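Notes to accompany the following structure.
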Amino acid sequence: MISGFQHTISAANWQRVNATLMDSLDLKFNDNTFTTTITNFSTTNVQDPPKMFAEVFRTLQPDGLAMFPMEALYSSRHDT
């Protein structure tokens, strides 16, 4: 999955985008690093979702945006 996206990044010549594999419970980024974070599929596959959310929000800048698109889709399918 990561290598496919790395290929997309290279083919599109995106200079400020990267794809990195790491533990979502121990992100190797400083506090307040990102303005936007997009997390797909993680809360359905991680052992400690609250810890993962804490890491995502720790790395967001104040007033940053966190998006969890798969979880919204998953919830809407199973809440009906």
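Values quoted throughout were computed directly from the atomic coordinates according to the rules given, and no laboratory measurement underlies them. Predicted model, so just to flag it, every value in this text is computed and none were measured. Note: ideal-geometry Cβ built from the backbone for every residue, glycine included; neighbour counts use all protein chains shown.
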Please give the calculated 222 nm ellipticity per residue for the chain, where each DSSP H segment of at least 4 residues contributes -39500 (n - 2.57) and the sum is spread over every residue; nearest 500 deg cm²/dmol? -12000 deg cm²/dmol
When the chain is fully extended, how far beyond the present Cα-Cα distance does residue 44 get from residue 21, taking 0.36 nm per residue of separation? 6.6 nm
Label-point gap, in nm, between residue 67 and residue 14 - each point 7 angstrom along Cα→Cβ: 1.1 nm
